[in-house]
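The values are calculated or read from the model by the stated rules, or taken from the named source; none is laboratory data. Bear in mind the structure is a predicted one, so any value in this text is a computation, not a measurement. Every residue, glycine as well, gets a Cβ built from its backbone with ideal geometry; the counts of neighbours run over all protein chains shown. What goes into the accessible areas is simple: the full protein's heavy atoms, side chains included, and nothing from ligands, DNA or RNA. Shrake-Rupley method; radii C 1.70, N 1.55, O 1.52, S 1.80 Å.
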Amino acid sequence: MLDFANSHALKSKQTKATTASNIIKNVILSDLAELYSPAEIEILQQAQQLIEDGKHRIQILKEKRRKEEKIRESVESRLHDRAYSKALNALEGMTLSELYRLNVCFSFQHSVMGELIADYDHQRYLETVTSWLDMGSREDFYLDQSPEELREDWASGIAEAAVEIISWPNLKYHRDFQVPGGHFHEPVGIPEDFPEVIYSDVKDKNAHKLTPQCLGVIKAIETFEENERKVQLILSNLG
């Protein structure tokens, strides 16, 4: 079983071996020695030494496992970073309303992820977008969150969720427990069609789940974006 143990599990086993060794050395041989014959004492001493030898062997195996784990973690980290960058870059051409829609669609599959929009967020975001639309009629206006900040938040949540979908086996090592030693297989790698296919599938599968509250936020964002386009058109004509 030690062939399948990681460094954390080996540390736990090493702790148990230390406890057993200490019981023999500091309790049985120290305080209860008179209960045993010389031959039994010798057997106990041999057992204690065998446990100490086992601890040393576990330490060697633990160091070996930790080195292997560091190598795998480094490979997985680089793959995750590349996948995240690719997922994020694919969102650059999307409008703010499209990002909101896609982020919510992902939340139906990954509700535990912190950067995804939940049902209880819609009212807050509606108030935020409404404040953008009201900016022109207010002086000394302070934005709690700007469109640029929310774009970054929503895109980040989408990219993280997309990476999570392909994480195993594309970005993580996977282990074969059917062979001795539990051989690790290398990550498959980032699919060529990532993330476009995932974005399309998630949107298609979850579009019907969008609530009226969610659609209200999307409509408000679209209104804001249309106003922005009109302003830019006017400014370009003046130039």
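Data overview
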item	result
Tally, over the range 61-78, of residues that are among the hydrophobic types (A, V, I, L, M, F, W, C) and under 15 Å from His174 (Cα atoms)	2
Test: residue in the range 37-58 that is within 30 Å of the chain's Cα centre (by Cα), surrounded by 15 or more Cβ atoms within 10 Å (Cβ to Cβ) and free of Cβ contacts under 8 Å to residues at least 60 places away in the same chain	no
Residue count for the range 87-106, restricted to those that are in contact with a Cys (Cβ under 9 Å, 6 or more places away or on another chain) and under 15 Å from Glu149 (Cα atoms)	1
Test for Val163: is it of a type outside the set (D, E, K, R), free of Cβ contacts under 8 Å to residues at least 24 places away in the same chain and either part of a helix (DSSP H, G or I) or exposed (fewer than 14 other Cβ atoms within 10 Å of the Cβ) (or both)	no
Any hit, the range 110-128, residues being on the phi > 0 side of the Ramachandran plot and over 19 Å from the mean Cα position of the chain (by Cα)	no
Test result for Asp204, without any contact (Cβ under 8 Å) to a residue 24 or more places away in the chain and open to solvent by 20 Å² or more (accessible area, probe 1.4 Å)	yes
Search result, residues across the range 74-95 that are part of a helix (DSSP H, G or I) and open to solvent by 90 Å² or more (accessible area, probe 1.4 Å)	Arg78, Asp81, Arg82, Asn89
